[in-house]
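The structure appears below as structure tokens.
The values are calculated or read from the model by the stated rules, or taken from the named source; none is laboratory data. From a predicted model like this one, the values you see are computed outputs, not experimental measurements. Neighbour counts are summed over all protein chains in view; Cβ atoms, including those assigned to glycine, are modelled from backbone coordinates with ideal geometry.
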Amino acid sequence: MGGRGRYVGGVVALILTTLLWGSSFPAIKVVVEDVGEVTYTWLRGAVSLALLAPYIVYRLAIGGLSLRDVKGGIVAGVFYSLGLWLQGWGTGLTTASNSAFLTALHMLWVHAYVASTSGRYTARLALPLFAALMGVVLLTRPHASFNVGDVLVVASSFMWAAQVIVVDRYSRSDPLVFTAAQLAISTLFIIPDLADDGLDIPKPATMLLIVYLAAGPGVTAFALQVWGQRYVNPAAATIIYQLEPVFAAAFSRLLLDERLTASQSLGAALIIAAVLLSEKGKMGR
């Protein structure tokens, strides 16, 4: 596959990643109301590791694991786990719309990082960023109030930005090994859970949601993210990630019959336009 094909493949992988992430918000809201954010964090990580275990055993059998892949995954895992915990905690204390909007702020931090490290920042990056931000505001319709939950989700957005940057640096890693190392860190959250009156036992329906969150928005999405960011730079990738609330709205329409208002539809259109603008001219490379 040539350079153009690899880039298109990377973009498709990141769009699929975002689709899976977009499906997670309603599930997270239900889960943290049942078992709490700490149990949710470690249990989701444990299920993810169980799903990845056969592949890790296979890699060990045929020659072992790359220390660089594991190191990168562990570093990303610290930021991922903190982001997951803070987001889960904050989502339980605020609205789903506020959580979705504030999570999207991670693209600001990534763009700031790219600007500071590259020494320049062009309109080709700024215009899609502005369009995506306006689109997210219109689509999610966040409340103007700023409560503790909102603060926690903003903190999580810094963690997500750091995770995107680490993935960019280690994007040549084996995606599944990197993902396993990343998700392994989140299982450490079992320690405070054990210290706090023992483990919460999820209801069967909640456990099914956790399995989905581990398999879809967890293992599959993060493996696709690692592979996709091999070919897409972090500033462009984070614009693509703003499709997350668009997909979230689509799932709500499909599963819950929630209809978009005219302003929300405009917001979704702006986000899609931002993605197309950020990719303009790149697909033909």
**Study point:** Which numbered condition Val226 fails, given (1) at pLDDT 85 or above; (2) surrounded by fewer than 24 Cβ atoms within 10 Å (Cβ to Cβ); (3) closer than 23 Å to Phe158 by Cα
**Key:** (2)
Practice item. Only residues that are of a type in the set (Gly, Ala, Ser), in contact with a helix residue (DSSP H, G or I) (Cβ under 8 Å, 6 or more places away or on another chain) and either closer than 18 Å to Val35 by Cα or surrounded by fewer than 18 Cβ atoms within 10 Å (Cβ to Cβ) (or both): list them for segment 103-114, please. Key: none
Review point. Which of the residues belonging to segment 220-254 are of a type in the set (Phe, Trp, Tyr) and more than 18 Å from Asp174 (Cβ to Cβ)?
Key: Tyr241, Phe247, Phe251
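Under the condition of being farther than 22 Å from Thr220 by Cβ and of a type in the set (Val, Ile, Thr), which residue from segment 31-48 is farthest from the chain's Cα centre (by Cα)?
Restricting attention to segment 31-48, the residues satisfying the condition of being farther than 22 Å from Thr220 by Cβ are 33-39.
Narrowing the set further to residues that are of a type in the set (Val, Ile, Thr) leaves 35, 38-39.
Working: Val35: 21, Val38: 18, Thr39: 19 Å.
Among them, the one singled out is Val35.
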Practice item. Kindly indicate whether Ala100 is crowded, with 17+ Cβ neighbours inside 10 Å and out of contact with any strand residue (DSSP E or B) (no Cβ under 9 Å at 6 or more places or on another chain). Key: yes
Study note, to complete from the structure: By my count, helices (runs of 4 or more DSSP H) wholly in segment 65-129 with at least 2 residues that are modelled with pLDDT under 80 are 67-91, 96-103
Practice item. Look through segment 54-104, keep the residues that are among the small types (Gly, Ala, Ser) and farther than 28 Å from Glu244 by Cα, and return whichever of them is nearest to the chain's Cα centre (by Cα). Key: Ser66
Exercise for review: For segment 41-58, indicate whether the set of residues that are at pLDDT below 90 and either outside any helix (DSSP H, G or I) or farther than 21 Å from Pro192 by Cβ (or both) is non-empty.
Suggested key: no
Practice item. May I ask you to list the residues in segment 49-78 that are among the small types (Gly, Ala, Ser) and farther than 20 Å from Pro217 by Cα? Key: Ala61, Gly63, Gly64, Ser66
Check your understanding: Considering segment 187-206 alone, what residues qualify as being assigned to a helix (DSSP H, G or I), modelled with pLDDT of 85 or more and surrounded by 12 or more Cβ atoms within 10 Å (Cβ to Cβ)?
Key -> Thr187, Leu188, Thr206
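Would you please name the residue that is surrounded by the most Cβ atoms within 10 Å (Cβ to Cβ), looking only at residues in segment 20-43 that are of a type in the set (Val, Ile, Thr) and farther than 21 Å from Ala250 by Cα?
Thr41
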